[in-house]
Each structure stands twice: as C-alpha cells, then as structure tokens.
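Have a look at the structure below before the remarks.
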Amino acid sequence: MNAPVSRFVLFAREPVPGRVKTRLAREIGAAAATSLYEAFLSDLATCLPSPARWDAVLAYAEFEPGPYLLSTFRPPWDLIPQGEGTLGERLARAIVRARMEGRRDVLVAGSDAPTLTAEDLSEAFGALAGNSDVVYAPAPDGGFSLLGMRGNVDPAAVFPAGVRWSSPHALADSRRSVEAKGYRVRLLSTVPDIDEVADLWSVEALFGADPDLAPATRRALSTFLGRSAV
C-alpha cells in the first residue's frame, strides 16, 4: 500500500509535574495539572491516527522521548524531536521535514486540545485538497489549536518572526502574514485548548453533546471536580 501524502504532527512534552501546563498548575496544583495533561495525551494518541489517510507523528520537546510518551504513542505513531528554537522555528522544522519525506499537506497541533478529533483533521485535509492554502482551527483565547498548509506554502509566511505566541494575537499575527503573501485561508470550527481552569468548563460543555468524546479527559476531569463531567 502506498504511504499517505499527508502528515499530522502533534507537539507534546513528557508529562512531568512542574514542566507541563504551568499556567493551569498555578491554579489547581502541579499534580492535578499533570494528571489532566496525561489524559489529554491518552485521548489524542488514541483518536487521531488514520494510517490509510495520513501518517501521525509525535514531536517531543525533550532530547529523548520520555517513558509516558513512549508507552502512549505506539505505532502507527512515529516519534521525532522538535529540536531547539522558538515555537515558530520548531513548527517550521516539522513542516520542512515532512516535505523532505514526501508529504504534501501537513497539519500541526499542540497537545492541550483534548477534544481534537480525526474528523477535525479530515475536514482540515479536505480543505487543503480543495481551494485553501492554509487552514486554522481557532482556539477561544485568540490562538489556534490546529494549523495546516499545502505544499505550495512557505512556512516562513505562516510562522513569521513577529507572531506573539501564547497570546490572544497568535492567530491574527499568523493570518495577517499568510494573507499578505496571497495565500487563501480557511477558518475551521473552534477547538478549545486548556491553559487555565476556566478552559476546563469549555471542554466539559462539549461532553454533553458527545458521550464518546475524549474519555480519558472526561474521567480525569470528573476526578478533579469530584463529580461526573457531563
């Protein structure tokens, strides 16, 4: 069977207390924040691969992948290092690597959006196969949970030096640069990411509409709340 021409890259860290979800940890404690992050990773590792349609790659932040990542992201996942540099530089590096390995359309996402689904990825790849050069799934805080680009797009246009990462301006900064280069942009459905306690309620609201969504995160959130997450 021929390899897919599309790639999805998930950026993640080994879930070590004090090193992950630090903003959330300031509100609920490092142990609780780390437990929730482990649940995010479990859900994403399970639901996002689709080997017949795209290959799934986990880009780890450390020098070597840690034991949780190794045990959670088993085949069909491949694991690669993010390398050093700013977030934009690391994202661009993953895009370039994918193209060097023969992948045309590439999606990248962070691991703080546990309700991201294979259907979201399918919609994004479909848009890239159509009339869109760059796609974003906005996050409620002004950033984006998922980003994708066709093979004709210069990563430097999507990740310019002036992007204010981890701010309410991240999506607007990237989109402004992309559109200035004449690329066609499509905004997908919003996908919430979790950085603060208030973000947990946005995710909990989604559980009522889909009882099968992000089961590990649902269980972890129920433990944190001391009651069943809707």
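The values are calculated or read from the model by the stated rules, or taken from the named source; none is laboratory data. Since we're looking at a predicted model, the values are computed, not measured. Here Cβ is always computed from backbone atoms with ideal geometry, including for glycine, and neighbour counts include all displayed protein chains. Only protein heavy atoms, including side chains, enter the accessible area calculation; ligands, DNA and RNA are left aside. Shrake-Rupley method; radii C 1.70, N 1.55, O 1.52, S 1.80 Å.
For region 199-209, state whether one or more residues are farther than 19 Å from Ala113 by Cα and without any contact (Cβ under 8 Å) to a residue 24 or more places away in the chain.
For region 199-209, residues farther than 19 Å from Ala113 by Cα and without any contact (Cβ under 8 Å) to a residue 24 or more places away in the chain: absent.
Could you tell me how many of the residues in region 96-120 are polar (S, T, N, Q) and under 14 Å from Ala139 (Cα atoms)?
2
What number of residues in region 18-45 are in contact (Cβ under 8 Å) with a residue 24 or more places away in the chain and outside any loop (DSSP other than H, G, I, E, B)?
Residues that pass the stated criteria total 16.
Go over the candidates Val163, Val134, Val158 one by one and state the one that is touching a strand residue (DSSP E or B) at 6+ places or on another chain (Cβ under 8 Å) and modelled with pLDDT under 95.
Going through Val163, Val134, Val158 in turn, the sole match is Val158.
Condition first: within 17 Å of Thr86 (Cα to Cα) and either surrounded by fewer than 24 Cβ atoms within 10 Å (Cβ to Cβ) or free of Cβ contacts under 8 Å to residues at least 12 places away in the same chain (or both). Now tell me which residues in region 148-168 satisfy that.
Within region 148-168, Pro155, Ala156, Ala157, Pro160, Ala161, Gly162, Val163, Arg164, Trp165, Ser166, Ser167 meet the criteria.
For Leu107, are the conditions met, namely being crowded, with 21+ Cβ neighbours inside 10 Å and either hydroxyl-bearing (Ser, Thr, Tyr) or within 30 Å of Ala127 (Cα to Cα) (or both)?
For Leu107, the condition - crowded, with 21+ Cβ neighbours inside 10 Å and either hydroxyl-bearing (Ser, Thr, Tyr) or within 30 Å of Ala127 (Cα to Cα) (or both) - is met.
If the Cβ limit is 7 Å and pairs must be 6+ apart or interchain, which residue in region 50-77 that is under 25 Å from Pro4 (Cα atoms) pairs with which residue that is among the hydroxyl-bearing types (Ser, Thr, Tyr) and not in a helix (DSSP H, G or I)?
Partner pairs satisfying both residue conditions: Arg53/Ser6; Trp54/Ser6; Leu69/Tyr60.
Does Leu79 fit the bill of being part of a strand (DSSP E or B) and either open to solvent by 70 Å² or more (accessible area, probe 1.4 Å) or closer than 22 Å to Pro192 by Cβ (or both)?
It is false that Leu79 is part of a strand (DSSP E or B) and either open to solvent by 70 Å² or more (accessible area, probe 1.4 Å) or closer than 22 Å to Pro192 by Cβ (or both).
Considering only region 215-227, I want to know if a residue exists there that is in contact (Cβ under 8 Å) with a residue 24 or more places away in the chain, surrounded by 14 or more Cβ atoms within 10 Å (Cβ to Cβ) and under 23 Å from Arg90 (Cα atoms).
There is no residue in region 215-227 that is in contact (Cβ under 8 Å) with a residue 24 or more places away in the chain, surrounded by 14 or more Cβ atoms within 10 Å (Cβ to Cβ) and under 23 Å from Arg90 (Cα atoms).
Does region 95-123 hold any residues that are more than 30 Å from Ala209 (Cα to Cα) and either in contact with a Gly (Cβ under 9 Å, 6 or more places away or on another chain) or of a type outside the set (A, V, I, L, M, F, W, C) (or both), and which are they?
Arg97, Arg99, Glu101, Gly102, Arg103, Arg104, Asp105 - these are the residues of region 95-123 that are more than 30 Å from Ala209 (Cα to Cα) and either in contact with a Gly (Cβ under 9 Å, 6 or more places away or on another chain) or of a type outside the set (A, V, I, L, M, F, W, C) (or both).
For region 64-90, give me each residue that is at pLDDT below 95 and hydrophobic (A, V, I, L, M, F, W, C).
The one that is at pLDDT below 95 and hydrophobic (A, V, I, L, M, F, W, C): Leu87.
Please find, among Arg23, Arg13, the residue that is under 22 Å from Ala214 (Cβ atoms) and modelled with pLDDT under 95.
Within the list Arg23, Arg13, the selection yields Arg23.
Could you tell me whether Asp199 is touching a Pro at 6+ places or on another chain (Cβ under 8 Å) and either under 20 Å from Leu91 (Cα atoms) or surrounded by 18 or more Cβ atoms within 10 Å (Cβ to Cβ) (or both)?
Yes; evaluated as a whole, the condition is true for this residue.
Looking at region 83-110, which of the residues that are part of a loop (DSSP other than H, G, I, E, B) and not charged (D, E, K, R) is farthest from Leu41 (Cα to Cα)?
Gly102
Quick one: which of Ala137, Ala113 is in a strand (DSSP E or B), buried (at least 17 other Cβ atoms within 10 Å of the Cβ), within 12 Å of the chain's Cα centre (by Cα) and touching a residue at least 12 places away in the same chain (Cβ under 8 Å)?
Ala137
I'm checking my understanding of the structure. Among residues of region 50-74 that are over 15 Å from the mean Cα position of the chain (by Cα), in a loop (DSSP other than H, G, I, E, B) and not aromatic (Phe, Trp, Tyr), which one is nearest to Arg93 (Cα to Cα)?
So the residue we want is Glu62.
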